[in-house]
1. Do you know which residues across the stretch B:129-141 are surrounded by fewer than 24 Cβ atoms within 10 Å (Cβ to Cβ) and either part of a helix (DSSP H, G or I) or more than 10 Å from chain A (Cβ to nearest Cβ) (or both)?
2. Looking at the stretch A:163-187, which of the residues that are over 18 Å from residue B:227 (Cα atoms), touching a Lys or Arg at 6+ places or on another chain (Cβ under 7 Å) and facing chain B (nearest Cβ under 7 Å) is surrounded by the fewest Cβ atoms within 10 Å (Cβ to Cβ)?
3. Could you identify the single residue in B:93, B:101 that is assigned to a strand (DSSP E or B) and among the β-branched types (Val, Ile, Thr)?
4. Quick one: in the stretch B:104-122, which of the residues that are in a loop (DSSP other than H, G, I, E, B) and within 14 Å of chain A (Cβ to nearest Cβ) is surrounded by the most Cβ atoms within 10 Å (Cβ to Cβ)?
5. Inspect all residues belonging to the stretch B:142-153 and state whether any of them is closer than 24 Å to residue A:211 by Cβ, within 14 Å of another protein chain (Cβ to nearest Cβ) and not in a helix (DSSP H, G or I).
6. How many residues are among the β-branched types (Val, Ile, Thr) and surrounded by fewer than 19 Cβ atoms within 10 Å (Cβ to Cβ) if we restrict to the stretch A:48-105?
7. Residue A:141: modelled with pLDDT of 95 or more and either on the phi > 0 side of the Ramachandran plot or surrounded by 23 or more Cβ atoms within 10 Å (Cβ to Cβ) (or both), yes or no?
8. Which of the residues spanning the stretch B:48-73 are more than 10 Å from chain A (Cβ to nearest Cβ) and assigned to a helix (DSSP H, G or I)?
Amino acid sequence: MQDFHGQGAASSQSSQPQDAVSLARQADSLNALGHHRRALRAASAALAVAPDMAPAWFQAGLAQQMLNHPEEAVGCYLEALRREPQMTAAHARLANIHALQGRYREARAFAQHALALAPGDAGAVMALARADLGECRLDDAEPRLLWLADQDDPMLKSIALGFLGDLRDAQGRTGEAFAAYRNAGEVSRASLPSPRESGSAQVRRITRAIESLTAQAWGAPLQ
Amino acid sequence: MTEPDAPARLLFVLGFPRSGTTLLGQILATRPRVALLEERPLLAKAVAHFYDPPDGPARLAAASEAELDGYRADFWARVAAHGIALPQGRLVVEQTAFNTVYLPLILRLFPAAPIVFALRDPRDVVFGCFRRRFAPNRFTLEFSTLEGAAQLYCDTMQLTETCRQKLGFRPLEIRNEDLIADFDHESQRLCAFAGLDWNDAVRDFHQSGHTLTTVSGPQIRRGLSDAGVGQWRRYAQEMAPVLPMLRPWVDRFGYPFG
């Protein structure tokens, strides 16, 4: 998906104060690294200097979205689009948020905008597929999901395979559904680094520690 | 900030992911003076100190009240950072299914906070986790295989059992299937436990307009449905390798096996 460095971003930056450009780029990098709280602070600082800077609004939206604040993200993306109506990534991200919130008409409208600007934009296609599934339009969803599952981006591929599983499930093709779920998990697992301690291992470690507690070792009364 | 001085009443909604925690949170959020916080990293600082390091549990056991107060204050600061106003008498509902793995920490930091624990047929829970894609973390990575999902489920339930035996964990248990079968009765139990009144508006939980940020959001918006009850049966053949390990929990929670 096109984000900060996409079309239109550079042109809107050229007239902005240099420190705001630098802060927006910092927000971009921080979002890419997963430091969304810090990214939001950097984007907010950029906007304090240059309130009309569309890429900074976009980065603020991205940070809010990643921080699980979808409605705040919608506000930021709309601010970005007010200043830069051709920003495909903002249209696509709005489409996906609306689709996730069950607002399928809005999702389709933003997705179509994104596709008009960038035919084949995967984020927009994903939003349409989400809307199709939400509205049980399985025949519309299927070609979109098959196309998305064929893309290189592992995150996109994994999500698409999972939805493809749901589609097969709804068609009663449970064997194919299960295979799609399994493929989604494999793609996801292969694309992510393994943690030093797995989730199960951590839970077992904590359980052993609690089991071995004596009455004196816990600050609160033990049973 | 000792617990009696906390800025608001606090209630946790826990349970393994896909057990119905989102539904419980949405029901509570229909009541006035309830602030629902879904899937927020409010315990992040305490987790980093008391959970992730190898000596974390020992630190947790030995922590003084003064030290714990610092982590309580951080929790409430994070609540405030989410724009939650905390007037007198407000109930903050913290609903993050993955916090179940942090149960000992919650019991130590907030021993007076009531806990609601969502239950659902373990086979539906595990299959539900396997089929959904979650934001990646060390726990959701386990869901990338059916075996991993089942193992994490068993480990997490064993932790809750240990907390019952050792730490006095006494939650209000709400079975998802019971809630679907008799919504009024179960939602009344839930509200009474939370110290909230109940009226017809609770039935409209799915029309509340609240933003839903969990993977259960799309289902919740469609209202109450029994479509997910027993869904694992259609995949019984594929689920066969993990059914023996789930059996103790199927029995423990009173679901018929087979």
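The values are calculated or read from the model by the stated rules, or taken from the named source; none is laboratory data. Computed from a predicted structure; not experimentally measured. Neighbour counts are summed over all protein chains in view; Cβ atoms, including those assigned to glycine, are modelled from backbone coordinates with ideal geometry.
1. Correct list: B:140, B:141.
2. Let us first name the residues in the stretch A:163-187 that are over 18 Å from residue B:227 (Cα atoms), namely A:164, A:175-176, A:179-187.
Now restrict to residues that are touching a Lys or Arg at 6+ places or on another chain (Cβ under 7 Å): A:176, A:180-181, A:184, A:187.
Subsequent filtering for residues that are facing chain B (nearest Cβ under 7 Å) retains A:181, A:184.
Values: A:181: 28, A:184: 25.
Among those that are over 18 Å from residue B:227 (Cα atoms), touching a Lys or Arg at 6+ places or on another chain (Cβ under 7 Å) and facing chain B (nearest Cβ under 7 Å), it is A:184.
3. On the way: B:101 fails: assigned to a strand (DSSP E or B).
Checking each option against the conditions leaves just B:93.
4. Keep residues of the stretch B:104-122 that are in a loop (DSSP other than H, G, I, E, B), which gives B:110-114, B:120-121.
Restricting the remaining residues to those that are within 14 Å of chain A (Cβ to nearest Cβ) gives B:110-113.
Working: B:110: 20, B:111: 14, B:112: 9, B:113: 16.
Residue satisfying both the conditions and the ranking: B:110.
5. No, that holds for no residue.
6. Restricting attention to the stretch A:48-105, the residues satisfying the condition of being among the β-branched types (Val, Ile, Thr) are A:49, A:74, A:88, A:97.
Going one step further and asking which of them are surrounded by fewer than 19 Cβ atoms within 10 Å (Cβ to Cβ), we end up with A:49.
Residues in the stretch A:48-105 being among the β-branched types (Val, Ile, Thr) and surrounded by fewer than 19 Cβ atoms within 10 Å (Cβ to Cβ): 1 in total.
7. Considered against the rule, which asks whether it is modelled with pLDDT of 95 or more and either on the phi > 0 side of the Ramachandran plot or surrounded by 23 or more Cβ atoms within 10 Å (Cβ to Cβ) (or both), residue A:141 comes out as yes.
8. Let us first name the residues in the stretch B:48-73 that are more than 10 Å from chain A (Cβ to nearest Cβ), namely B:48-49, B:53, B:59, B:66, B:69-73.
Across the stretch B:48-73, the qualifying residues are B:48, B:49, B:59, B:66, B:69, B:70, B:71, B:72, B:73.
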